1. Students often get this wrong: which residues of segment 140-161 have the backbone nitrogen under 18 Å from the point 7 angstrom along Cα-to-C-beta of residue 175?
2. For the pair residue 58/residue 303, report the inter-label distance in nm, with labels modelled 7 Å from Cα in the Cβ direction.
3. Per the Debye formula with a single identical scatterer at each Cα and no solvent contribution, what log10 I(q)/I(0) holds for segment 142-222 at q = 0.13, 0.18, 0.26 Å⁻¹?
4. Rounded to the nearest 10 degrees, what's the angle between the helix 141-162 long axis and the longest principal axis of the chain, both from Cα atoms, 0 to 90?
5. Ignoring everything except DSSP H segments at least 4 long, calculate the 222 nm mean residue ellipticity for the chain; use -39,500 (n - 2.57) per segment, divide by total residues, nearest 500.
6. If R0 is 60 Å, what FRET efficiency do you get for residue 200 and residue 45 from their C-beta distance, rounded to 0.05?
7. Mind giving me the FRET efficiency for residue 292 and residue 343? R0 is 22 Å, r the Cβ-Cβ distance, nearest 0.05 is fine.
8. Hey, rough spin-label estimate for residue 582 and residue 14, points 7 angstrom out along Cα→Cβ, what's it come to in nanometres?
Amino acid sequence: MVNQYAPWKYILLSLIVLLGLLYATPNLYGEDPAVQISHRVNLVNEEELAYITDLLRNERISYRSIELETGHLLIRFDSEEQQLRAVTQIRELLSDIDKRYGVALNLAPATPDWLSNLNALPMYLGLDLRGGVHFLMEVDMDSAIEKTLERLAGELRTFMRGEKIRYKAVQASNQNVSIRFASVTERDTARLILEEEYRDYLFEDSNDDRSWFVKLSLSQTALLAEKKSAIEQNISTLRNRVNELGVAEPVIQRQGDDRVVVQLPGVQDTVRAKEILGATATLEFRLVYGSFNDWNAAAKSGKTPIGAKLYARSDGSPVLLKRSVIVTGDQIVGAASGIDTRSGTPNVTITMNAKGADRMSKITRDNIGKPMAVVFIEDKFEFREVNGQKRRIRTTETQVINVATIRDQLSKRFEITGLDSTREARDLALLLRAGALRAPMVIVEERTVGPSLGQENIDRGFISVVIGFLAVLIFMAVYYRVFGLVANLALSLNLVLLIAVLSLLQATLTLPGIAGIVLTVGMAVDANVLIFERIREEIRLGNTPQAAIYAGYEKAFGTIMDANLTTLIVAIILFAFGTGAIKGFAVTLSIGIVTSMFTSIFGTRAVINLIYGRRAVTKLAI
């Protein structure tokens, strides 16, 4: 019996080997110490690149290269000492220009451009290997419920005016929304209509000597839904903000009912990481109250009219806004800057979800020609000692970032105009696109993994892989001779393909992932051991060498498939039900099983066929 492969199979194998080597190569180049320059609300552009380059040159700050990436600058250095010396000078220079510039230490891949152009990039390294920062953040659920009830209060006012329902006041608290009526008849009539429209809420009647009340509160099911929605919205917003600022491969996931874990691998500057996550800002759209004279009078006297609230604009000038909120930033699903075709001035096009679109449509329909404001709200937390105990104190900073006139009835998509420049329009679009937090968050746990500890983990992981790899190579070469050397070649190819696939998928390698690689190295030769032992058995039974090779591969295939399939099923279950670290192990193990099946069966068979397939053989070196 002759063992030969068709030419196309060798071509396919050669192509896969070349692609594997190509996509595994970027991992050999390592990383450069770098400084990343971004802006809190702007995308850094070509003009700023040229300006900052001149600034660095004039200040004689030495660096290897400076390049413009997606919305931020990346300055590479030859050493960490050079990086650390430069970062302080760069921060001082940029803070004098614009305090909203962010300067962060980072580690940038040193992959050559020709590989990057082919999308050949190194694997991401997890926090335990690369170093970085870990935060455990807690969502202020009370604020989330409070904001929900405030929105409900605004909706109730609009609904009752539309239905011609007479009421005296609507007031939101942190537990319910109370509607006050002048008579029991008005209250009972209103309750029947409201119960039909707001079925997800609990209703309760009460009264005092002069008024009758209906109180709306969230049911237990609605309360749980609101809390779930709040934490999911915050996770989505955090992911958008971290991505906008260019942090590579962040881990942002829920933990428990009201906490979020954030890991930023490669971020060496803890302070900068806090700035990224600490921008716990929200947006609100409100109607403007009164005129310019009313605003100044309220600012001077300190007294605001009923139903209005005094705010400051970005230039410090006062403005009065109505207390009722139209929509909030968490209802925005898209934002893009552009030029208004009618006036030729900069604008921002907003896209809202269904609930926000309906609310915006109803309010703007009745207020065409009137101004509307966008309010930027930032919640900050700090710990203060009160009566000998440390307590978390929340402070809120608000600023009106835009006032524009409502031209038409707005709905799902509308424009914000009245902007001074295209830069301001772009800044506002970026802020809206990044999203608003549904509720404030506070960092309750902080942990930093230094680059030296990460490097130590890498070294130990590398040593474990090398020891396991060499032990298997020596055993196979001694015990199976030529066939063992072929298996060793397949094992080396398997390791290359595994790293190539992980790099191509841009997977994050962690310590459990390295454990998966070590296990894969051990398992990869199992298939060859089964095949080789089957060949030896066939020879003992008196078969010819060619027949023994053929029977060895054919008869061992079923056993190999069963063994690897069961392991793959376990890996899939680990991935489905495991957490981050276990998922990393499962991904590495799954990919390793597939690549080892390919190299151990198809790869070794191709080499054995080249050695023995085209000639008469009387004895096998096995």
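Each reported figure results from applying straightforward, stated rules to the coordinates on display, with no laboratory input. Just so you know, these numbers come straight off a predicted model, no measurement behind them. Reconstructed Cβ throughout: ideal geometry from the backbone, glycine too, with neighbour counts over all protein chains shown.
1. 141-150, 153
2. It works out to 5.2 nm between the two label points.
3. -0.36, -0.69, -1.40
4. 50 degrees
5. Details: 17 runs with 307 residues, N = 622.
Computed ellipticity for the chain at 222 nm equals -16500 deg cm²/dmol.
6. 0.80
7. Values: r = 22 Å, r/R0 = 1.00.
Efficiency, rounded to the nearest 0.05: 0.50.
8. 4.6 nm
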